[in-house]
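Chemist: Got a structure here, written out as structure tokens. Questions coming.
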Amino acid sequence: MSNSNPFSETYAYDPITPQPTSTKRVLVVLAVVAFLFALLCAGILSVAYVSVQRMASPAADFELDERRDAFAQDEVDFNQSLDRFVGVNAHVPDVMDPEIQDFLDASIESLENGAEVPFSLPLFIEAVAKSEQSHGALGIINRLSLRNWLTQYQPSPDAINRNVRVLNTRYDATKKLAVLDMLNYSAGSQAESIQWFLVKEPSGWKLYDWQRLEFGRRMSDEYASYLRGAAPLDDGYDTALAKLNEAEIEWYDGEVQKAKREMRRAVKHRMLPQDRPSFLLQAAYTWMRLEQYDDAIEVLKQIQEPDSLWGVWPSLAICYTNLGDIDEAQLALQKAQQQSPNHPNGFWIASLIHDHLDRDDEAAVAVLRALKICPRDPDMFYSVLRRRRVEDLPPLLEIVIDNHDELQWTSLLNHASSSSQAWGQGLVEELKRHPNSPLGLVEIAQGKLDWRNEEFNAAAQHFLASEAVAETEFIKSIARDNLLEVRLADNQFDALFTDASDPDLLLRDLVLRAFEDELYCDAEKLLAALDHHAKNANSAWDEALKGWALHSIGDWDKSIPRFDAFLAWREQQATRSADAPNESLDATGGAAEENPSAEEDGWLDDTAAYYLCDALLELGRASEVVERWPDDLWKHDQVGDFLLQDHHASKVAAFLQSTEDNVSDSLRIQRWRAQAHQAMLRGETEQVDSMHLAAIELARSVYGADDNYFTYKLVRERARDLVRNRTLRDPESVNRDNLGDDALHPILVHAAIREAIRLGDNQQLALWRTIIDEAEMEPSDGDAALHYELGDYYRSLDEMDQAIRAYQVCLQHADEAWWNRTRCIQGAAYAMLEAGNVDAAKQWFATNPIPNSNVESEALIDLATGNVDSLTRHLEDAGKINATDWLNQHLEAATSLNQLEQPRFRSLLETYPLEIPSLSPPASGFLIQREAGPLDPQQISTQLQGLFGERFEFVAVENDAKEPDSSDDDMQAYLFRSERGQRILFSSGKPQYRVDGVSRWLAERLNAPVERTTVAILDHRPHPKRRLFRIAEERADADAIAFSGSGETRIWSGPELERRLTWNDRKPISPAAMQPALEEMPRPDAVPIETQYVEIERWDSQLKEAGGSLNVTLTLAVGNTRERIACELFKVDPEEYDLYIRPQRDSVLIPIVKAGTAYTCGPSLLSL
């Protein structure tokens, strides 16, 4: 019964009943002919009859009883097996027969590999004959047909998980027949109630029948129905299942509406009455996998005798629960538990229902009962664990000890540091009490508890003790990892190295973290500790770690010999390994038992070489990089990137001079890049393009197919400068000769269009769009992505017709599976709605519905137009969970179209709690001036009115609970709002910047106190970037030093800054006056952000200790501007990683945040 679990992955349907009817009919005819021939053989009639009978019914050593109402007895037997675990007379199950255990293990492996299991053909035929569907008899012709089918195609049960729980083994009086009652379960699935019927033949145990009680019939029943069925109904079941599977695949391919139609047609397909209940349950499971619970319910209700199979009532309960219809879910659950009172599915669904009703204790009891039966189910395990009930610790610990599951142990121990003190202490006491607790775990749990209380040294001592007494490498590794983490948390490197039982292993771990950008520490403290522990002086890992730390603090010169030493050791190791494959070197140069191969950790060499190259470049020693790596394409490219990205004019000149006589083609490419950069600064536009073309032409012969990345980057750099310099001024000047290679043509054109969009250069955009429209290029997802960006750009300009056309072209070019297809469809609809064309939006959705959406596409129109009644109906149809997710994904329609102030819309948010959204301004930037005092909101309001010709009112951004010295927050913030909907945020602060790499003029001014004014355009009105630059130009007085826009890698700087910020017909460009982006220095008194973060488990514990209501502060941010709002925290859902809050006032920054309305958010937004 493939695809028989509603949460399993779909896969190609493989029919398990016999082959199509045509084969069946041919075999029957042949059998009849053979039989008649035997009858006509005079004198040997009786012999012929016996011969045919024996051929049709091979001898079976066992005779099965005729089955009547077999399912009723099967469910009684299975429930009795379940009672052995959780019933009134529960006891530890008997040890399984070793021969049957071996048979089961081998069968599981065979099924996993797609192989057959040992199968008793004679007894299966006997089971078919004794099926209720055969009416206790099976004629010779049918037996002949069945035997031929089974010879050609042996049926096989579905694969089962290695976590299968054998509830009971039941034998007949002879001990030759047995039944295995089993529960097959895994993450995200309902437990499957399986019975395997076995026979012990001379060669061993074999399978002769099986069933899932969810479907209410054995495989022999399915075959019996097929044998007695008439064409074409007998093949209807398999045909409908195949259609169902094909439709599900179409769904995942994005053809949702087509898939729905095909699934509904499949349900109506004609088949045998005996097959219909099984098929309808299969169809319901398919709808459930697709989260279409209403459709699943509709199908389940068509099953006429739902009590005759176990899959209906639990599935209905799940569907109703997911739809938020708890009353119906409870009724369905009652029916399910009447069928099987101790089934884990019933307990699990009960816990879900209790969760919906906020009955945490009842939910905990129910899920723990389920876990006792399915002890390795990760969903059940984490559901018990996340509740952190001290009373659940004894049974939970018993389960984990019995399982010997490393992942469960890791999760259990990690919760000791994130849960309440009482829970952590309870875990320690239970581990001490239990006689079978693995050695070392008590110490780890106690260490975690100390760590929770920020007693770092005490925690470290417990981790050391654990490693000393542990008997397994798994527990030792947990102890070592925790020791490392707790020492890093407090930058206690001296203690870390003193404690280390294996210093080289510790150093290697630290290097791996550092090279993977995962070592967050005080590099200077690390260096001091490394110098102090001289015993590591000969370690290559010590050299690598010191090199990384020196590089991190900018001590480039001292880092170079460290990386050299490490790379030399790595080369020595590789040579030694090649000479003696079975022996490698340890970190000090001696022999090591085991080390990763060069292929596995070759990235270490690449990373160390990257840092070494970067240090040389920072010191202006580009020529030395060339000498060290004369033929390394990647290092040469790194040189070029370094010189160009930070505008090192003197270093560029030095590089060109030192490499003038170098004949390396790879290096000549970098020289062309550098010369194009110099020509750009001088304004020599023709020379810029000729140098780009020379670099690209050379690259085509230097770089192979695997190195196309380098060539593509050169093409993009050329496109960028073509647009900046406006080298191509009209379509007639464009031809294939000056666009370069045909293969690179799409890359060049796409990059040019994107640069024109970035600059807001409509003249260049029109020119390059003409080129792409006329070019004969095959459409691709690249074209789709480009037109999507064009659609967004034109929307930002309020040019809705152009935006709609761009989105439509995007959809034409997009593959069905393109990840951004949904956003393209929505973008076109937004543009139509913003243009006031609601009818066009409806027609658009009629032909282009949003793929894989649980809410009708038309709901987006309701949201945008404020049709709350229709919107509410659509959301109710989708169910609370789906509706809430959908609203969070489509808030743009409400925010951009100003529906938030509708009282009825706000009341809708009470039903569907939204997640606090992040705020990404369409445009923002900051202006740096000599210290000029606090912001004057009245003056700013007057300036804005003069710029935009409308009145602005302002409101201060206040903080209900200011956290002193918590970050580099701006000191003042005001929001300015206009009559036509502009929302512009101003804030100010007093930062300090590093002056390395900037011009002398700028460095002199940054060394004095400065004021930073940040401006953010928060509304969705047209031309946000142009408005930003107009404001910057207006405020750039004689004290202005520099300006930077969001997303810019350069800043505008120099005297008369306002002249450089003038937006004529595009973003201002002045290469000679632009500087590298500034790096802000942290305030000495700032508290690191990571020390403020509270894990969600801690929030859960604190809320429970506070009695279910906790006063907290919500922090909203736009750049350096923070708004802190007092809130009530009233619920924590660790499983969904949600905290539920109610703000006590409206937000200034984010209008959708309203006082008294419930929202969800993540832990990073809250503080006490």
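Chemist: Restrict the check to segment 453-466 and report whether at least one residue is touching a residue at least 12 places away in the same chain (Cβ under 8 Å) and among the charged types (D, E, K, R).
Modeler: No: segment 453-466 contains no residue that is touching a residue at least 12 places away in the same chain (Cβ under 8 Å) and among the charged types (D, E, K, R).
Chemist: Would you confirm, using the coordinates I've provided, whether ASP392 is charged (D, E, K, R) and at pLDDT 90 or above? Steps first, please.
Modeler: Values: charged (D, E, K, R): yes; at pLDDT 90 or above: yes.
Taking the combined requirement at face value, the residue satisfies it.
Chemist: Find the residue count for segment 838-857, including only residues that are surrounded by fewer than 18 Cβ atoms within 10 Å (Cβ to Cβ) and either outside any loop (DSSP other than H, G, I, E, B) or among the aliphatic types (A, V, I, L, M) (or both).
Modeler: Selection size over segment 838-857: 7.
Chemist: Please give the number of the condition ASP172 fails out of (1) without any contact (Cβ under 8 Å) to a residue 24 or more places away in the chain; (2) within 20 Å of SER193 (Cα to Cα).
Modeler: Failing condition for ASP172: (2).
Chemist: Moving to a separate point now. Scanning for something modelled with pLDDT under 90 and touching a helix residue (DSSP H, G or I) at 6+ places or on another chain (Cβ under 7 Å), does segment 999-1022 turn up at least one residue?
Modeler: yes
Chemist: Check off (1) over 12 Å from ILE928 (Cβ atoms); (2) out of contact with any helix residue (DSSP H, G or I) (no Cβ under 8 Å at 6 or more places or on another chain); (3) at pLDDT 90 or above for ARG1027 and give me the number that stays unchecked.
Modeler: The failed condition is (2).
Chemist: Could you go through segment 236-257 and let me know if any residue there is of a type in the set (Lys, Arg) and not assigned by TED's automatic domain parsing to the domain that holds VAL95.
Modeler: Initially, segment 236-257 is screened for residues of a type in the set (Lys, Arg), giving 243.
Within this subset, residues satisfying the condition of being not assigned by TED's automatic domain parsing to the domain that holds VAL95 are 243.
Yes: segment 236-257 contains one or more residues that are of a type in the set (Lys, Arg) and not assigned by TED's automatic domain parsing to the domain that holds VAL95.
Chemist: Can you name the residue in segment 478-532 that is in a loop (DSSP other than H, G, I, E, B) and under 25 Å from ASP605 (Cα atoms) and, of all such residues, is farthest from the chain's Cα centre (by Cα)?
Modeler: As a first pass, look at segment 478-532 and keep what is in a loop (DSSP other than H, G, I, E, B): 490-492, 500-502, 516-522.
Remaining after also requiring under 25 Å from ASP605 (Cα atoms): 502, 516-522.
On the way: ASP502: 36, GLU516: 20, ASP517: 21, GLU518: 20, LEU519: 23, TYR520: 24, CYS521: 28, ASP522: 31 Å.
Among those that are in a loop (DSSP other than H, G, I, E, B) and under 25 Å from ASP605 (Cα atoms), it is ASP502.
Chemist: Here is a further query. Can you tell me which residues in segment 178-199 are farther than 18 Å from VAL76 by Cα, in contact (Cβ under 8 Å) with a residue 60 or more places away in the chain and not hydrophobic (A, V, I, L, M, F, W, C)?
Modeler: Result: TYR185, SER186, GLY188, SER189, GLN190.
Chemist: So which residues in segment 235-268 are buried (at least 16 other Cβ atoms within 10 Å of the Cβ) and assigned to a loop (DSSP other than H, G, I, E, B), if there are any at all?
Modeler: GLY254, GLU255
Chemist: May I pose another question? Out of the residues in segment 1006-1056 that are touching an Asp or Glu at 6+ places or on another chain (Cβ under 8 Å) and β-branched (Val, Ile, Thr), which is farthest from PRO937 (Cα to Cα)?
Modeler: VAL1010
The rows are residues; the columns are (1) in the same structural domain as LEU1103 (by TED's automatic domain parsing); (2) part of a helix (DSSP H, G or I); (3) surrounded by fewer than 21 Cβ atoms within 10 Å (Cβ to Cβ); (4) among the charged types (D, E, K, R).
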site	(1), (2), (3), (4)
ALA336	no, yes, no, no
ASN345	no, yes, no, no
ILE349	no, yes, no, no
LEU371	no, yes, no, no
PRO375	no, no, yes, no
ASP402	no, yes, yes, yes
TRP409	no, yes, yes, no
GLN425	no, yes, yes, no
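Chemist: Can we say ARG904 is in contact (Cβ under 8 Å) with a residue 60 or more places away in the chain and either outside the structural domain of ASP1037 (by TED's automatic domain parsing) or out of contact with any strand residue (DSSP E or B) (no Cβ under 6 Å at 6 or more places or on another chain) (or both)?
Modeler: no
Chemist: Does at least one position in segment 939-947 carry a residue that is touching a strand residue (DSSP E or B) at 6+ places or on another chain (Cβ under 8 Å), assigned to a loop (DSSP other than H, G, I, E, B) and over 18 Å from ALA1036 (Cβ atoms)?
Modeler: Checking segment 939-947: not a single residue is touching a strand residue (DSSP E or B) at 6+ places or on another chain (Cβ under 8 Å), assigned to a loop (DSSP other than H, G, I, E, B) and over 18 Å from ALA1036 (Cβ atoms).
Chemist: Right, something else. Among the residues of segment 418-438, are any within 29 Å of the chain's Cα centre (by Cα), at pLDDT 90 or above and of a type outside the set (A, V, I, L, M)?
Modeler: No.
One line per residue, one yes/no per condition, for (1) among the acidic types (Asp, Glu); (2) in the same structural domain as ASN888 (by TED's automatic domain parsing); (3) free of Cβ contacts under 8 Å to residues at least 60 places away in the same chain:
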{"site": "ALA846", "(1), (2), (3)": "no, no, yes"}
{"site": "ASP862", "(1), (2), (3)": "yes, yes, yes"}
{"site": "THR865", "(1), (2), (3)": "no, yes, yes"}
{"site": "ARG873", "(1), (2), (3)": "no, yes, yes"}
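Chemist: Give the residues of segment 879-916 that are modelled with pLDDT of 80 or more, farther than 15 Å from ASP1146 by Cβ and not in a loop (DSSP other than H, G, I, E, B), sorted by residue number.
Modeler: ASN882, ALA883, THR884, ASP885, TRP886, LEU887, ASN888, GLN889, THR911, GLU915
Chemist: I'd like to know if segment 174-186 contains one or more residues that are among the hydroxyl-bearing types (Ser, Thr, Tyr), farther than 28 Å from MET271 by Cα and modelled with pLDDT of 85 or more. It would help to see each step written out before you state the result.
Modeler: Initial filter on segment 174-186 (among the hydroxyl-bearing types (Ser, Thr, Tyr)): 174, 185-186.
Next cut, farther than 28 Å from MET271 by Cα only: 174, 185-186.
Checking which are modelled with pLDDT of 85 or more leaves us with 174, 185.
Checked against the condition, which is being among the hydroxyl-bearing types (Ser, Thr, Tyr), farther than 28 Å from MET271 by Cα and modelled with pLDDT of 85 or more, segment 174-186 yields at least one hit.
Chemist: Filter segment 634-669 for residues that are farther than 23 Å from LEU681 by Cβ, surrounded by fewer than 19 Cβ atoms within 10 Å (Cβ to Cβ) and not polar (S, T, N, Q) and give the result.
Modeler: Answer for segment 634-669, where residues must be farther than 23 Å from LEU681 by Cβ, surrounded by fewer than 19 Cβ atoms within 10 Å (Cβ to Cβ) and not polar (S, T, N, Q): TRP634, ASP661, VAL663, ASP665.
Chemist: Right, here's the next one. Within segment 179-232, track down each residue that is among the hydroxyl-bearing types (Ser, Thr, Tyr) and outside any helix (DSSP H, G or I). So that I can check it myself, show each step before the final result.
Modeler: Step one: of segment 179-232, the residues among the hydroxyl-bearing types (Ser, Thr, Tyr) are 185-186, 189, 193, 203, 208, 220, 223, 225-226.
Across segment 179-232, the qualifying residues are TYR185, SER186, SER189, SER193, SER203, TYR208.
Chemist: Another question, then. Are there any pairs with C-beta distances below 8 angstrom linking a residue in segment 150-166 that is outside any loop (DSSP other than H, G, I, E, B) to a residue that is surrounded by fewer than 17 Cβ atoms within 10 Å (Cβ to Cβ) and among the β-branched types (Val, Ile, Thr), with the two at least 6 apart or on different chains, and if so which?
Modeler: From residues that are outside any loop (DSSP other than H, G, I, E, B), there are no pairs.
The values are calculated or read from the model by the stated rules, or taken from the named source; none is laboratory data. Keep in mind that this is a model prediction, so the values were computed, not measured. Methodologically, a virtual Cβ is constructed for each residue, glycine included, from the backbone with ideal geometry; neighbour enumeration extends over all protein chains shown.
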